[in-house]
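Written below as structure tokens is the structure these notes are about.
The values are calculated or read from the model by the stated rules, or taken from the named source; none is laboratory data. No experiment lies behind these values; they were computed from the predicted model shown. Note that each Cβ is placed from the backbone with ideal geometry, even for glycine, and that neighbours are counted across all protein chains shown.
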Amino acid sequence: MAVEQIPVASRAANIEYAIRDVVVPATILEAQGHEIIKLNIGDPIAYPGLPTPQHMVEAYAKALRDGINGYSPSYGLPELRTAIAEDESNKGWKASADDVYVCHGVTEALQIIFAATLSEGDVVLAPGPHYPPYMAYPQGYGAKTIEYRLDKDDGWKIDFDDIESKMNQSVRLLVIINPNNPCGNVATVDEVDRLLSIASKWPNCMVVADEIYDGLDFTGHQVSVASRSHDVPVFSLNGVSKVYYAPGWRIGYMAIHDPQGRMNLVRDGIERMLRSRLCASTPAQFGYLAGLVSDRTWMDTYKQKVIDQRDLCIERIAAIDGLEVQAPGGAFYMFVKLTDDKWAQDDKKFVLDLLHQEHVLVVHGSGFSPQLGKGHFRIVYLPNKEILNEAFDRIERFLQNNR
């Protein structure tokens with residue numbers, strides 16, 4: 001006799017997170033004794049050679065040893081907020097500690113921004129392909145996400161005509177991810193200025209600038225969106241996860257740039273929500289603080305390692321029949337095109353069959369956008385060269401065996 005199930009709220013049942021959803025079948029294979037090459041999650045700590053810097057770990061540990069484990073202020077440690085404001089100011093806009101709010105990573109910052117700004121019928125205009133939470137979360141507040149196109153044939157550049165055609169008074173948030181996840185494109189100053197010019201035509205539109213990968217720009221073009229805005233409100237998002245190589249600490253922030261003083265009500269709502277959820281991890285905030293105020297020359301070595309691995313991937317992909325890629329200008333992802341018709345029409349099947357036949361785990365492009373990501377897959381090029389070469393050997397063999 002079937003047991004009648006208690007219903008689940010649609011806001012939870014409809015959420016998909018492709019990056020981790022593909023882990024479920026991989027876990028089953030691991031339980032059967034198979035070793036999986038995982039190129040799916042952008043976690044620097046999952047791969048050798050890119051450890052969290054020791055001075056940051058020590059600061060975190062010292063806070064633990066000193067018993068600094070209690071609740072901290074809801075908006076973040078004052079000294080950390082000050083350090084973040086100084087760092088943002090160095091990017092070209094005048095930020096104060098009061099503009100900075102420390103969160104449980106950028107993901108929580110997004111949830112709070114959506115909760116404080118979106119109502120029934122509102123729209124978030126986000127790039128496609130995109131990081132999945134930009135599609136998943138707004139629906140929980142009665143809003144919806146509409147994608148604007150990134151040009152897959154031109155380095156995944158922003159299609160501004162597409163943005164213009166989709167802007168209206170319902171668009172409350174216009175999102176730019178720079179450098180982009182999953183495509184790795186980096187917007188230039190001119191592109192940022194054009195995006196802000198479009199947003200400026202709509203008084204209730206705010207820009208969300210996800211800049212968590214800003215320290216992994218290989219082009220020299222990356223620029224703080226807030227530094228370019230003279231009238232449009234901007235949420236600058238960043239944190240410790242990617243550039244400081246400490247994703248498990250779950251410390252990120254939003255910094256509010258409000259050049260015309262129009263966000264007082266929104267800020268009040270954000271502060272109320274932050275107080276209601278208490279605070280971010282106190283000792284982890286001390287670890288991030290150490291990263292911000294200490295010498296950062298160590299980043300050069302890490303960045304060069306990532307670039308070398310990127311170049312290897314570009315070289316290997318160019319030599320494999322059935323794959324193409326637009327060289328990424330930042331972050332540590334590649335969005336690889338499947339040129340065989342069989343897989344171009346079903347990238348998720350490609351990912352699952354590759355996993356089961358060759359034990360390589362990547363993420364289907366349609367998981368980042370059902371239409372604009374279709375026919376692609378995302379890889380993370382953080383593993384060392386030996387692992388990447390083995391992964392591409394297996395991918396090439398898989399394509400040959402299934403052609």
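Residue-by-condition table, conditions (1) touching a residue at least 40 places away in the same chain (Cβ under 8 Å); (2) outside any helix (DSSP H, G or I); (3) among the aliphatic types (A, V, I, L, M); (4) assigned by TED's automatic domain parsing to the domain that holds residue 373:
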| site | (1), (2), (3), (4) |
| --- | --- |
| 24 | no, no, yes, yes |
| 40 | yes, yes, no, yes |
| 60 | yes, no, no, no |
| 95 | yes, yes, yes, no |
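Only one entry in 289, 237, 312 is at pLDDT 95 or above, in contact with a helix residue (DSSP H, G or I) (Cβ under 6 Å, 6 or more places away or on another chain) and not assigned by TED's automatic domain parsing to the domain that holds residue 165, namely 312. Of the residues contained in segment 50-66, one or more are found to be touching a Leu at 6+ places or on another chain (Cβ under 8 Å) and farther than 30 Å from residue 387 by Cα. For segment 293-350, residues that are part of a helix (DSSP H, G or I) and either within 18 Å of residue 150 (Cα to Cα) or among the aliphatic types (A, V, I, L, M) (or both) total 9.
The set of residues from segment 107-127 being part of a strand (DSSP E or B) and surrounded by 24 or more Cβ atoms within 10 Å (Cβ to Cβ) comprises 124, 125, 126, 127. A single member of 130, 104 is in contact (Cβ under 8 Å) with a residue 40 or more places away in the chain, surrounded by fewer than 20 Cβ atoms within 10 Å (Cβ to Cβ), more than 23 Å from residue 261 (Cβ to Cβ) and of a type outside the set (Lys, Arg), and it is 104.
Which number in (1) out of contact with any helix residue (DSSP H, G or I) (no Cβ under 7 Å at 6 or more places or on another chain); (2) surrounded by fewer than 18 Cβ atoms within 10 Å (Cβ to Cβ); (3) in contact (Cβ under 8 Å) with a residue 24 or more places away in the chain; (4) assigned to a helix (DSSP H, G or I) marks the one condition that residue 140 misses? So residue 140 meets the others, but not (1). Exactly one residue among 164, 211 is of a type in the set (Asp, Glu), buried (at least 17 other Cβ atoms within 10 Å of the Cβ) and either within 22 Å of residue 254 (Cα to Cα) or outside the structural domain of residue 325 (by TED's automatic domain parsing) (or both), and that residue is 211. Remark: residue 342 falls outside the filter, which requires a residue to be closer than 24 Å to residue 135 by Cβ, at pLDDT below 95 and outside the structural domain of residue 217 (by TED's automatic domain parsing).
Tally up the residues in segment 254-292 that are part of a helix (DSSP H, G or I) and surrounded by 15 or more Cβ atoms within 10 Å (Cβ to Cβ), please. Of the residues in that region, 18 qualify.
Considering segment 375-403, and only residues there that are among the polar types (S, T, N, Q) and in contact with a Lys or Arg (Cβ under 9 Å, 6 or more places away or on another chain), the residue that is nearest to residue 131 (Cα to Cα) turns out to be 384. Considering only residues of segment 66-93 that are among the β-branched types (Val, Ile, Thr) and touching a residue at least 40 places away in the same chain (Cβ under 8 Å), which is surrounded by the fewest Cβ atoms within 10 Å (Cβ to Cβ)? Result: 68. With respect to being within 30 Å of residue 339 (Cβ to Cβ) and surrounded by 17 or more Cβ atoms within 10 Å (Cβ to Cβ), residue 157 fits the description.
Within segment 157-210, if we keep just the residues that are assigned to a helix (DSSP H, G or I) and polar (S, T, N, Q), the residue that is farthest from residue 146 (Cα to Cα) turns out to be 197.
Has segment 66-74 got any residue that is farther than 20 Å from residue 174 by Cα and aromatic (Phe, Trp, Tyr)? Scanning segment 66-74, I find at least one residue that is farther than 20 Å from residue 174 by Cα and aromatic (Phe, Trp, Tyr), so the answer is yes.
Taking the conditions (1) crowded, with 21+ Cβ neighbours inside 10 Å; (2) under 25 Å from residue 237 (Cα atoms) in turn, residue 22 satisfies each one other than (2).
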